[in-house]
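The structure appears below as structure tokens.
The values are calculated or read from the model by the stated rules, or taken from the named source; none is laboratory data. No experiment lies behind these values; they were computed from the predicted model shown. A quick note on method: Cβ atoms are made from the backbone with ideal geometry, for glycine too, and the neighbour counts reach across all protein chains shown. Ligands, DNA and RNA are stripped out before the accessible areas are found, and what is left, the full protein with its side chains, is counted by its heavy atoms. Shrake-Rupley method; radii C 1.70, N 1.55, O 1.52, S 1.80 Å.
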Amino acid sequence: MRGAAGPAGGSRFRARKLNTKTALTILRESDVAGDIAEHDTHIGTERSDAITSLPKVESGVESKEEREHHLQAVINAARAAATAGANAAQVSIPTPDAVASSISYDKLYPPHFRQPHTYIRFSSTVEDSTGVPYCMNAEDDIFLKAFNTKRQPVQQCSEDEFEQLMSSYEETTAARQPFAAVDNTPVLSLEEMELCFEEHERFLVDERARKFAKDVYEYWKAERGKNLNKSLMPKLKTLKMDSGQEADDSDPYVCFRRREVRQVRKTRGRDAQVVEKLKKLRKELEEARHLLHLVKQREYGRKEDLELSRTIFEQRASVRDMKRTLDIRDDDEDLITQRTPKRRPQDMPNAANRGLNQTRLPGRPDSVSAPEADLISFREVVAQRDREVTKSINGNVLSHERWNRDFIDRTEQQLRAVFSPEDLLMDSDSEEVMPAFVGVKAEYIQQPTPPASVIADSNDEDEASPIVREDANEKIPVRFARPSEQKSFAREPHYRRRTARGGRVVLDRRMPRMAFKENLNDRLVDRFKYDQDDGDDSSDDGVDIYSATGFAFRSQWASGHPRVDPQAQRRVPPATTAGGDGQSGNAAGAR
Amino acid sequence: MVHRDESHDASEVAEPLEKGFATLETLRTGVKAMVEKQGEKRKAEILSIMIRKGRPTYYVHYEDFNKRLDEWIEGSRIDLSQEVEWPAPEKPDKKDKSKDKTSKTDVLKDKSNSNLKRPRSLIDRASGTPEASAGKTQSRTLRAGGKENREELAVITTEDMDATPQPEDESMDIVDVQTAAAAAKALAPNEPYSREEEIEKLRTSGSMTQNQTEISRVRNLTKMQMGHHEIEPWYFSPYPQEFTDSDLVYICEFCLESFPDFKPFSRHRAKCTLLHPPGNEIYRDDKVSFFEIDGRRQRTWCRNLCLLSKLFLDHKTLYYDVDPFLFYCMTTRDEYGCHLVGYFSKEKESAEGYNVACILNLPQYQRQGFGRLLIDFSYILSKREGKLGSPEKPLSDLGLLAYRAYWQETIVDLLLDGRTEANVEELSTAAAMTTNDVLHTLQNLNMLRFSKNQHVIVVTDVVIQQRERQREKEKIKGKHHLRPELLIWKPPVFTASSRTWNW
Ligand SMILES: [Zn+2]
């Protein structure tokens, strides 16, 4: 505020807004001099217009009601008490009285309630809890009494049975003829009614009650007639019964209309959310379209490739024929050289296979023209290698068994010490390009290293260190280490090995899906997002709950396997070797 | 708030009031006469006339008295020695309309000359008192063309919760819509909602309050029996029309089903197994329990509850269903079960940040401190949610008083807890009250002052004394306090699809 406040009372407040974030000093009235100006915003006082710097106080009561005599009396009394210190007079708003009822409460409300120790949880509805919906009135009572006086006690219709029948008639009519009261449909016949005695669980009619079906039906029909065929059970007007919707709107008895389906609250935040979603959807659709476009181009390329291949084949065939007819007996060199380079580009589009090209045998055409001598030497090499590998494996198996003595393996993916030598059958020719394969998921299963148990903590050190097997011949280090406990296996690249035609072993590189999320940029994440199952329960630990081992493991537990504290399995200390990828063993690549 | 702009009334004031003497025979609905009420004469409007036991009885609304004091009176209480004010002559189309209505609502057929559905002019015409004349509007003004229904148009309050002062809005707080409809074309800004717009607003906002024309002015039920009590209804509630003939409507205390007669009620009691509100108990202490009920899952029960509370809440609307609301019901317990004492409803998702839609302490439990517990509980929930809350407007007169008392107590306690300074937001956060409500309270208590070029909060002596007296009283009477740690509750989350598609 500039300058001293003018003498003109409220004017100085006008420019000054009260900031709700500004700390206000709290003073006791007794501590301050009386010259502090009052922010008097009393309703209806002349000063209120001077105070425009403060938000206007809205009482929140409709202003017409606010003027009401009794409310004003109370407000004024309260204000007098709060400001002038007047003793708060006992003023109150008069309300119609509530008085004690003369009904015999205990008969109507039996004292059955037992409070449970825990908080009540309850979901049954009123309909679930109130039995047969029809409740007989005084008139029904008279009818029933008259009806029963003519009968033997065993032949009498009870109130429950009567209500069952009435409910059934009422509900059947309501279901079959919802507009019975307005469209003059003939009343349903007793036969039609009887068909529905068992239709609805809630309106089941007992066998015994059915004896009275006809009498009660006649009574019901008469009552309906008296009631202009309207329901005998008092009903709320909740539905738009006839077409007069306009009239409906102003009928104060019509209540609880259904909101139309779209009852979304329109808020700015929600709008923005929706816009974002739509944008994202559009982007994804465009990306999908682009992908499809690329796929289409690729397929065109393949088609062209096929056509060219076919042409080449035909040309070759004709060359061969030509050679035959001309009796040229040179080797088929020109045929092969033309063909070999073709193979590579054909594989190129598949990025995932790119790495495999290296493991492919370049010199192994399918043609039968391969020299026989080569095959023989190949077998020898393989046999030789097999022997070495088997020997080394057996050694490992033995040591594994030694380590495992007195231990039971209860980890999820149990270590198997034994595997067949055939598994190791490898191609000989790939050695110059064969990388030191790492991180095979399957390797984990084949780890000869036992998992450290809790007991083994003390001599953990040497077990944890990777056991490096130097293959004397190949100089490829094969490391056996227990997997890192901190890093999920699924995150490491691994390979699927399959045996192809002719006994070739093919390794398919499999990129784990979780790795993408971490390493690739958003665009790529987007691209792969639909490769997963619904993302609702995307677990970040990368454990595939559908994996066969998982199933086996769980079923093992389910079948009464002795319980082990699951924590115990997890408490295996992490491997001390450094480097996540480096510590993965390489058995498949062993040679 | 009595200051209002009269400019909109100018056109109607021109129409002269018809005054004259009347006899019992010439009295008709719409007539305003002086009526004896508690020993004094008060101007009252005749809303309905009915022949009872061969004699006419008159349903009257006293000017400047709340509608809950409207009543049926004998002709002898009407002072015919004074001139009465005649209603404006009815337009022909209006007669058609009311005839149409009457045929629709059979109940009315025996109530001669009943005019339940006549359009409501909120502000009574030509009242003599100066305050009233300020806001006076006239319902006889021309109907803006268009649909017939238009004449039933709504009177809307513009709920101005804006912090920015808009004094000119005040004038629009209440506008007779017929006036408004006529003026609508000329008046671009601030024009009130049309009825259609208002219903649309109801539909999208899930608001539970509504204008008064929706509601019939004449109370339709005579007396309610519930639990240990008999209660007189205060306002109209759309119970089945058959009930209007009943002298005593019975309500089952636990399932809240209603019956026009004792026999069906006793039959129902023989079958009813509910012993507490049908939902989860979320709070329990030695005195009360709170239950949370989802309007969508417990549609019948919540409808029953709304019908019941409509008897005591003038501004509550039952136009739309209960689905978008949660109902927090307070009960006391004994060997018979958990007796409903009061409740508040709350939107599952309130765009305006309301933490209470409707709040009611049943009349048989009023003036026992339960209202404060209900309000307190609504703020305890807001605190648990980490939100600031405020009750939906308009408040009822009793609601306003209850809230003001609660706010005063809360704010004063915060100011007296030893702190030497506070900003409004701190107070607001500590109490889960909106800053507006905090300011409202401070201003009301005259504690917001201006000193040495800055605002200060001055805790006045009278407020302290008042609080001390109150504490004394509490000590003697033993005041019940809710304990937030006994609340076992997580704010319910409703997915977008469940809100959109009602799943
Ligand atoms: Zn019940």
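Values computed for the structure shown
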{"quantity": "Filter result (facing chain A (nearest Cβ under 9 Å) and either under 25 Å from B:LEU400 (Cβ atoms) or in a strand (DSSP E or B) (or both)) within segment B:304-323", "calculated": "B:CYS306, B:LEU307, B:LYS310, B:PHE312, B:ASP314, B:HIS315, B:THR317, B:LEU318, B:TYR319, B:TYR320, B:VAL322"}
{"quantity": "Selection within segment A:60-93 - within 7 Å of chain B (Cβ to nearest Cβ), at pLDDT 80 or above and in a loop (DSSP other than H, G, I, E, B)", "calculated": "A:GLY60, A:GLU62, A:ARG67, A:GLU68, A:ILE93"}
{"quantity": "Residue count for segment B:269-303, restricted to those that are outside any loop (DSSP other than H, G, I, E, B) and either among the hydrophobic types (A, V, I, L, M, F, W, C) or away from the ligand (no atom under 16 Å from the Cβ) (or both)", "calculated": "15"}
{"quantity": "Hits in segment B:243-252 (condition: more than 7 Å from chain A (Cβ to nearest Cβ) and either open to solvent by less than 10 Å² (accessible area, probe 1.4 Å) or within 15 Å of A:ASN137 (Cβ to Cβ) (or both))", "calculated": "B:ASP245, B:SER246, B:ASP247, B:LEU248, B:VAL249, B:TYR250, B:ILE251, B:CYS252"}
{"quantity": "Condition met for B:ALA402 (more than 10 Å from chain A (Cβ to nearest Cβ) and surrounded by 22 or more Cβ atoms within 10 Å (Cβ to Cβ))", "calculated": "no"}
{"quantity": "Restricting segment A:248-272 to residues that are of a type in the set (D, E, K, R), assigned to a helix (DSSP H, G or I) and modelled with pLDDT under 75, the residue that is nearest to the chain's Cα centre (by Cα)", "calculated": "A:ARG268"}
{"quantity": "B:PHE265 vs. criteria buried (at least 21 other Cβ atoms within 10 Å of the Cβ), under 30 Å from B:PRO491 (Cα atoms) and more than 7 Å from every other protein chain (Cβ to nearest Cβ)", "calculated": "no"}
{"quantity": "Matching entry among B:LYS32, B:LYS67 (being closer than 30 Å to B:ASN444 by Cα and either modelled with pLDDT of 85 or more or open to solvent by 80 Å² or more (accessible area, probe 1.4 Å) (or both))", "calculated": "B:LYS67"}
{"quantity": "Filter result for the condition that a residue is at the interface with another protein chain (Cβ under 7 Å from one of its Cβ atoms), open to solvent by less than 10 Å² (accessible area, probe 1.4 Å) and in contact (Cβ under 8 Å) with a residue 12 or more places away in the chain, over B:PRO278, B:PRO260", "calculated": "B:PRO278"}
{"quantity": "Condition broken by A:PRO111, with the remaining ones in (1) facing chain B (nearest Cβ under 7 Å); (2) surrounded by 14 or more Cβ atoms within 10 Å (Cβ to Cβ); (3) within 16 Å of the ligand (Cβ to nearest atom) satisfied", "calculated": "(2)"}
{"quantity": "Among residues of segment B:444-461, those that are part of a strand (DSSP E or B) and more than 7 Å from chain A (Cβ to nearest Cβ), counted", "calculated": "1"}
{"quantity": "Segment B:223-242, residues that are surrounded by 22 or more Cβ atoms within 10 Å (Cβ to Cβ), away from the ligand (no atom under 16 Å from the Cβ) and not in a loop (DSSP other than H, G, I, E, B)", "calculated": "B:ILE231"}
{"quantity": "Within segment A:122-159, considering residues that are more than 21 Å from A:GLU218 (Cβ to Cβ) and more than 54 Å from the chain's Cα centre (by Cα), the one nearest to the other protein chains (Cβ to nearest Cβ)", "calculated": "A:PRO153"}
{"quantity": "Search result, residues across segment B:367-396 that are open to solvent by 30 Å² or more (accessible area, probe 1.4 Å) and of a type in the set (Ser, Thr, Tyr)", "calculated": "B:SER396"}
{"quantity": "Condition met for A:THR130 (touching a Pro at 6+ places or on another chain (Cβ under 7 Å) and within 14 Å of the ligand (Cβ to nearest atom))", "calculated": "no"}
{"quantity": "Qualifying positions in segment B:409-432 - out of contact with any helix residue (DSSP H, G or I) (no Cβ under 6 Å at 6 or more places or on another chain) and in contact (Cβ under 8 Å) with a residue 24 or more places away in the chain", "calculated": "B:GLU409, B:ASP413, B:LEU415, B:LEU416, B:ALA422, B:THR429"}
{"quantity": "Any chance A:LYS21 is modelled with pLDDT under 80, within 7 Å of chain B (Cβ to nearest Cβ) and open to solvent by 60 Å² or more (accessible area, probe 1.4 Å)", "calculated": "no"}
{"quantity": "Residue in segment B:324-335 that is open to solvent by 10 Å² or more (accessible area, probe 1.4 Å) and without any contact (Cβ under 8 Å) to a residue 12 or more places away in the chain present", "calculated": "yes"}
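Every residue, every condition in (1) more than 7 Å from every other protein chain (Cβ to nearest Cβ); (2) open to solvent by less than 50 Å² (accessible area, probe 1.4 Å); (3) acidic (Asp, Glu), yes or no:
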{"site": "B:GLU409", "(1), (2), (3)": "yes, yes, yes"}
{"site": "B:MET433", "(1), (2), (3)": "yes, yes, no"}
{"site": "B:ASN436", "(1), (2), (3)": "no, yes, no"}
{"site": "B:HIS440", "(1), (2), (3)": "no, yes, no"}
{"site": "B:LYS473", "(1), (2), (3)": "yes, no, no"}
{"site": "B:ILE476", "(1), (2), (3)": "yes, no, no"}
